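Where a number appears in this text, it was derived from the coordinates with a stated rule and is not lab data. The structure displayed is predicted, hence computed values, not measured ones. For neighbour counting, all protein chains shown are included, and Cβ atoms are generated from backbone atoms with ideal geometry for every residue, glycine included.
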Amino acid sequence: MDIASSLAIVTLAGLIHTSFQLSVSVLTLLSGHAIGSKHSHARLMRLTTSFLFGAGLMTVLLLSFVALVLLSLFGLHTPQVIWAMTCGIMFGVGISVWLFYYRHEKGTTLWIPRELASYLTERTKATKVSGEAFGLGLTSVIGEIIFIIAPLTISGLVLIQLPAVWQIVGIVIYTIVSMLSLITVWMLIGGGHSLSRIQHWRETNKHFMQFMSGAGLIILGFFVYVFEVLGSTTGLI
Amino acid sequence: MEVSFDIIKRGGKRQSEPFLRHKLHASIVAACLSARTPEGQAESTAHAVCEHVVNWLSKHPEVTSHDIRVVAGRHLKNYHPEAAYLYEQHRITI
């Protein structure tokens, strides 16, 4: 696979990651509490920026970790069966997103267990300093590991085949693209936009986002399967 | 003189607790402020909504915390729909 195709796959995987909503939900709640607690705008921005850095760092760490594990297990030449299995995981997670990602109720309630949701809500409410917001950013990415593991794994498999410099470029691209939704919400909040409008948009478009996340996973899985498994088996690509 | 009411907690699993007007007031002020409402307006809106809730409570001897949120949200909607939306969404965002 050439560098351009590899980076395109990493970019699409990052876009799929950014369509997942747990971190965005936590950021929205965190901003609501900060504004509602009469914090200054500077403090609001400190909290939300720390959250953003926490989420970004955890994404870098997770992707690097996944790539390292894959590299130590399979070396530079990943067996076809592993590519095929990863594509299977992409299909499975894609269908799971369609079926389970949002609960069938009002608001933007996610699949996560209600105890965990209550815990995150309470932690968000209790977050007063930047360090806590940073930790919340780290946690919110971990909290969605069951879904983001699919784009992370496919990106890891693609990245370990690249030269070292391009691996770093790939990690940077994935992290930035995977944080686009968070960065957008952060900019809107910083610009003084109404939280209710942001939340209303999220609620109105949640099924579209859910469909796109699932479809993105299935399309990427299909593409990689054709490119890596069928292509190398038949020798046509 | 302030009348006291007992609130049954969610699912009846936790012990009931007395209704604390200041807690309701603070949550409504927070919702109004989150909707970028000036502080004075947030305070007066919260005061008005709390009055409605206390009146409603006097006619209902046994209520849950969920009932109070629903009634407060309904009255808040009349004063400030945007804040009411945020008040309602608070527990259903994640």
Matching residues in the range A:110-124 - criterion: being part of a helix (DSSP H, G or I), more than 7 Å from chain B (Cβ to nearest Cβ) and free of Cβ contacts under 8 Å to residues at least 12 places away in the same chain: A:Arg114, A:Glu115, A:Ser118, A:Tyr119, A:Glu122
Pick from the range B:54-94 the residues that are of a type in the set (A, V, I, L, M), more than 16 Å from A:Trp201 (Cα to Cα) and touching a Cys at 6+ places or on another chain (Cβ under 9 Å): which of them is nearest to the other protein chains (Cβ to nearest Cβ)? B:Leu76
Filtering the range A:122-147 down to residues that are of a type in the set (Asp, Glu) and more than 18 Å from the chain's Cα centre (by Cα), which residue is nearest to A:Val60 (Cα to Cα)? A:Glu132
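From the residues in the range A:1-33 that are free of Cβ contacts under 8 Å to residues at least 60 places away in the same chain and aliphatic (A, V, I, L, M), which one is farthest from the other protein chains (Cβ to nearest Cβ)? It would help to see each step written out before you state the result.
Initially, the range A:1-33 is screened for residues free of Cβ contacts under 8 Å to residues at least 60 places away in the same chain, giving A:2, A:4, A:8.
Narrowing further to those that are aliphatic (A, V, I, L, M): A:4, A:8.
On the way: A:Ala4: 38, A:Ala8: 32 Å.
The qualifying residue farthest from the other protein chains (Cβ to nearest Cβ) is A:Ala4.
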For residues that are loosely packed, with under 15 Cβ neighbours inside 10 Å and touching a Leu at 6+ places or on another chain (Cβ under 9 Å), scanning just the range A:190-218, find the one that is farthest from B:Glu88 (Cα to Cα). A:Gly190
For the range A:153-205, which fully contained helices (runs of 4 or more DSSP H) count at least 2 residues that are closer than 16 Å to A:Leu44 by Cα and of a type in the set (Val, Ile, Thr)? A:180-190
Please return the ranges of helices (runs of 4 or more DSSP H) entirely within the range A:7-109 where 1 or more residues are under 18 Å from A:Ala150 (Cα atoms) and more than 19 Å from the chain's Cα centre (by Cα). A:41-74, A:80-100
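Among the candidates A:Glu144, A:Glu132, which residue alone is among the acidic types (Asp, Glu), closer than 22 Å to A:Val185 by Cβ and in contact with a helix residue (DSSP H, G or I) (Cβ under 6 Å, 6 or more places away or on another chain)?
Details: A:Glu132 fails: in contact with a helix residue (DSSP H, G or I) (Cβ under 6 Å, 6 or more places away or on another chain).
The conditions single out A:Glu144.
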When the range B:29-40 is checked residue by residue, the ones that are in a helix (DSSP H, G or I) and either away from chain A (no Cβ under 14 Å) or touching a residue at least 24 places away in the same chain (Cβ under 8 Å) (or both) are B:Ala31, B:Cys32, B:Ser34
